[in-house]
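What follows is a short report on a single structure.
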Amino acid sequence: MCGIFGYTGKKEAQGLVLQGLRQLEYRGYDSSGLAVQCGAEELRFEKTKGKIRNLEEVLKTNPLRGSTAIGHTRWATHGTPSQVNAHPHLDSANRIAVVHNGIIENYSRLKEKLKKEGVSFRSDTDTEVIVHLIAKYYRNNLEEAVRRAIKDIRGTYAVAVISAKEPGKIVAARFDSPLVAGVGLGENYLASDVSALLDHTRRVVFIENGEIVSLTENSMRLMDLEGRAVKRLPSKIDWNISQAKKGGFPHYMIKEIFEQPEIITAILRERIKKEKHRSAVFFEELKINRREFGKIKRVILIACGTAYHAGLVGKYILEAFTDIPVWVDTSSEFRYRNPNVDRRTLVIAISQSGETADTLAGLREAKSRGAVTLAICNVLGSSLSREARGVIYTHAGPEIAVASTKAYTAQLAVLYLLGLYLAGIFHARPRKKIQDTLKEFFRVPVLMKEVLENYKRDEKNWAKNAHDFNERYHAQLKKYFGGGAIEKKRSPNGFFLYLGRGINFPNALEGALKLKEISYIPAEGYPAGEMKHGPIALIDENPWVICLAPRSKTYDKMISNIQEIKARGGMIIPVVTRGDREIRKLDPFYSIEVPAVEEIFSPLLTVLPLQLVAYCVAREFGEDIDQPRNLAKSVTVE
Ligand code: M6R
């Protein structure tokens with residue numbers, strides 16, 4: 001989950017590494033540091049607790065000059081966030097520096113052994129054993145020392161290493177934590193993520209598990225753990241640099257929310273083509289052929305967090321378009337069960353980053369049991385995309401905000417298309433129906449744009465509502481905690497409840513997750529039909545209940561649920577289809593309208609206000625929207 005950036009060339013490395021780390025800060029931000037080769041066999045380093053700006057401050061007055069450096073932004077696993085635990089870690093003689101992403105599982109055994117050999121440790125991290133092992137094996141050949149050290153460690157890692165004795169060289173290795181090298185002219189780069197390289201180069205080499213790469217300004221050598229040369233041509237990345245910048249928006253999150261209509265349009269244009277007067281779905285990169293798909297008897301979707309919610313919507317979609325039974329599981333549960341999968345099971349792993357440890361492990365488990373595996377992934381060349389039997393890229397461009405928005409709707413778009421593609425293979429729905437659905441799909445991004453334009457027009461009102469909520473929330477908190485006695489029978493403060501039914505139920509979970517992540521307000525998502533089975537006990541005048549109630553086959557049931565909440569004093573914020581009168585009669589606190597669309601596509605519209613509510617509340621509360629506390633963009637450890 002941490003970010004690694006390295007540079008070797010002729011330019012001053014400090015600025016470039018800091019710039020790279022800023023691009024990677026979403027991966028972790030509790031401390032950061034860098035080590036620079038400062039000539040004459042000397043390494044200098046600096047590290048600070050907190051965000052990268054703290055490191056920048058220190059380096060302003062005390063710059064580290066040199067043209068080869070490695071840097072790191074940390075998300076703590078072993079050892080609290082502190083200066084001493086921040087990376088880089090150095091050997092006892094300060095001659096070798098290491099930055100690391102991942103977890104070394106056998107570190108305590110290695111540490112004990114090294115201690116017995118006389119090594120003293122400075123930090124509480126698992127990483128420090130790596131640098132001492134490298135120092136132990138170092139005989140003026142960094143590649144060899146790294147190779148031997150790597151053989152001793154178990155766990156997950158992306159490591160980058162420099163030595164004072166080998167100027168101009170960075171050696172790096174990976175196992176289950178992402179690492180990519182960027183090819184420049186008279187310079188080379190290293191990063192945890194392609195997006196950090198885009199300012200410098202589009203030509204990248206993805207480092208595979210069990211590989212070591214050695215970089216100098218004019219060379220890039222790949223080898224395996226036995227030291228045998230590995231040949232791989234660079235891949236070309238066609239992501240747009242501007243996609244990784246804020247582009248005039250105050251936060252990445254709101255920028256990414258606003259990108260969604262264009263992304264969905266691009267996905268449709270890329271994937272739907274005319275074939276003999278008919279529209280058909282094409283997945284160019286998908287290596288699984290129609291015959292293989294034809295043998296599938298069931299589908300299991302696995303994912304984490306927001307991608308899991310996309311998987312839940314995917315179940316409704318695939319069941320609507322095919323007759324295949326579909327299951328959905330969080331990757332962390334799937335991998336430790338005894339999932340009954342076989343070669344007639346299609347396991348679809350959904351992940352923005354393609355590096356989520358649990359999803360990768362779930363995919364491997366499915367593969368080992370013979371399932372046909374398919375990754376739906378955003379990051380090109382990510383581990384998941386390379387390990388799955390087939391891949392469909394979402395092409396949403398780099399998603400920088402920790403709270404996922406555009407990746408979610410892009411995943412949904414791909415799932416709709418996959419459903420329609422499979423419907424064609426299984427002849428599960430009449431051709432005319434498929435054609436009509438594809439046609440309706442083209443309207444969806446236009447309608448998404450309308451929702452966002454309405455928000456823009458009404459932005460002041462949204463901000464005012466968020467402000468009123470803030471006042472009320474804090475007044476309630478004061479009443480609850482400040483007044484001494486806790487009022488009985490009252491829920492503590494304005495928590496949020498999100499309710500939905502059918503294909504909009506997963507959006508209730510997603511809305512609650514978005515709010516929790518960036519404003520730290522307790523929020524729950526529920527299928528509205530479950531209210532009577534427990535959660536209704538929470539209702540008094542305190543919770544804010546966001547009800548997803550677009551026109552649908554369960555609309556009347558949703559109205560009954562709203563009435564039940566109203567009757568108990570709950571404050572309703574419904575998301576309704578434009579022109580809805582029924583719900584208006586129930587005197588909601590504030591209604592949010594979305595345009596009418598076929599029910600199956602409604603999640604693509606109803607999720608937008610939920611993303612915006614979370615954004616507006618977090619902004620009003622003054623939270624760090626793009627980098628919420630305790631979170632990291634890609635969770636590459638268990
Ligand atoms: O990269 P992935 O899609 O595999 O990530 C999965 C989750 O970690 C991710 O969706 C997380 O829940 C987001 N922070 C949600 O906004």
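The values are calculated or read from the model by the stated rules, or taken from the named source; none is laboratory data. Fair warning: this is a prediction, and the values are worked out from it, not measured in the lab. As a convention, Cβ positions derive from the backbone with ideal geometry for all residues, glycine included, and neighbour counts pool all protein chains shown. Areas reflect the complete protein model, heavy atoms only, side chains present, ligands, DNA and RNA absent. Shrake-Rupley method; radii C 1.70, N 1.55, O 1.52, S 1.80 Å.
Only residues that are open to solvent by 30 Å² or more (accessible area, probe 1.4 Å) and closer than 26 Å to residue 92 by Cβ were counted in the range 1-13, giving 0. Which of the residues belonging to the range 398-424 are modelled with pLDDT under 95 and within 19 Å of residue 356 (Cβ to Cβ)? 398, 399, 400, 401, 402 - these are the residues of the range 398-424 that are modelled with pLDDT under 95 and within 19 Å of residue 356 (Cβ to Cβ). Scanning the range 422-455 for residues that are among the aliphatic types (A, V, I, L, M) and within 17 Å of residue 578 (Cβ to Cβ) yields 444, 446, 447, 448, 451, 452. Scanning the range 288-319 for residues that are farther than 16 Å from residue 507 by Cβ, in a helix (DSSP H, G or I) and open to solvent by 20 Å² or more (accessible area, probe 1.4 Å) gives 290, 291, 292, 294, 319. Screening residue 137 on (1) touching a strand residue (DSSP E or B) at 6+ places or on another chain (Cβ under 6 Å); (2) under 16 Å from residue 172 (Cα atoms) shows it passes everything except condition (1). Within the set 82, 92, the sole residue that is touching a residue at least 24 places away in the same chain (Cβ under 8 Å), under 33 Å from the mean Cα position of the chain (by Cα) and open to solvent by 10 Å² or more (accessible area, probe 1.4 Å) turns out to be 82.
Filtered by the rule that a residue be of a type in the set (A, V, I, L, M) and either buried (at least 21 other Cβ atoms within 10 Å of the Cβ) or outside the structural domain of residue 196 (by TED's automatic domain parsing) (or both), the range 56-79 gives 69, 70. Taking every residue in the range 615-636 that is more than 18 Å from residue 470 (Cβ to Cβ) and pairing it with any residue that is away from the ligand (no atom under 11 Å from the Cβ) and open to solvent by 30 Å² or more (accessible area, probe 1.4 Å), at least 6 positions away or on another chain, the pairs with Cβ-Cβ distances below 8 Å are 626/251; 626/252; 627/51; 629/520; 632/75. In the range 101-124, of all residues being open to solvent by 30 Å² or more (accessible area, probe 1.4 Å) and in contact with a strand residue (DSSP E or B) (Cβ under 6 Å, 6 or more places away or on another chain), the one that is farthest from residue 633 (Cα to Cα) corresponds to 105.
In the set (1) closer than 19 Å to residue 197 by Cβ; (2) open to solvent by 10 Å² or more (accessible area, probe 1.4 Å), the condition left unmet by residue 42 is number (1).
The set of residues from the range 394-431 being touching a strand residue (DSSP E or B) at 6+ places or on another chain (Cβ under 6 Å) and either assigned to a strand (DSSP E or B) or more than 15 Å from the ligand (Cβ to nearest atom) (or both) comprises 417, 420, 421.
Out of 358, 329, I need the residue that is surrounded by fewer than 19 Cβ atoms within 10 Å (Cβ to Cβ) and not basic (Lys, Arg). Which one? Step by step, each of 358, 329 is checked, and only 329 is surrounded by fewer than 19 Cβ atoms within 10 Å (Cβ to Cβ) and not basic (Lys, Arg).
Within the range 231-252, can one find any residue that is crowded, with 21+ Cβ neighbours inside 10 Å and at pLDDT 95 or above? The answer is no, given that none of the residues of the range 231-252 is crowded, with 21+ Cβ neighbours inside 10 Å and at pLDDT 95 or above.
Filter the range 349-393 down to residues that are more than 10 Å from the ligand (Cβ to nearest atom) and assigned to a loop (DSSP other than H, G, I, E, B) and give me whichever is nearest to the chain's Cα centre (by Cα). Result: 380.
Has the range 271-287 got any residue that is assigned to a helix (DSSP H, G or I), more than 16 Å from the ligand (Cβ to nearest atom) and open to solvent by less than 20 Å² (accessible area, probe 1.4 Å)? Checked the range 271-287: at least one residue is assigned to a helix (DSSP H, G or I), more than 16 Å from the ligand (Cβ to nearest atom) and open to solvent by less than 20 Å² (accessible area, probe 1.4 Å).
Those strands (runs of 3 or more DSSP E) of the range 137-206 in which 2 or more residues are under 20 Å from residue 125 (Cα atoms) occupy 155-163, 170-175. Residues that are within 16 Å of the ligand (Cβ to nearest atom), among the small types (Gly, Ala, Ser) and outside the structural domain of residue 176 (by TED's automatic domain parsing) do occur in the range 322-339.
Looking at 53, 22, 27, just one residue is closer than 18 Å to residue 87 by Cβ and either open to solvent by less than 30 Å² (accessible area, probe 1.4 Å) or in contact with a Cys (Cβ under 6 Å, 6 or more places away or on another chain) (or both), and that residue is 27.
One residue stands out among those in the range 135-168 that are open to solvent by less than 30 Å² (accessible area, probe 1.4 Å) and of a type in the set (S, T, N, Q): the one that is farthest from residue 1 (Cα to Cα), which is 163. Would you be able to tell me the number of residues in the range 424-451 that are within 16 Å of residue 277 (Cα to Cα) and of a type in the set (D, E, K, R)? Residues in the range 424-451 being within 16 Å of residue 277 (Cα to Cα) and of a type in the set (D, E, K, R): 5 in total. Going residue by residue through the range 248-263, is there one that turns out to be under 23 Å from residue 386 (Cα atoms), within 25 Å of the chain's Cα centre (by Cα) and without any contact (Cβ under 8 Å) to a residue 24 or more places away in the chain? For the range 248-263, residues under 23 Å from residue 386 (Cα atoms), within 25 Å of the chain's Cα centre (by Cα) and without any contact (Cβ under 8 Å) to a residue 24 or more places away in the chain: absent.
Give me a count of the residues in the range 510-548 that are within 16 Å of the ligand (Cβ to nearest atom) and crowded, with 20+ Cβ neighbours inside 10 Å. Going through the range 510-548 one residue at a time, the tally reaches 12.
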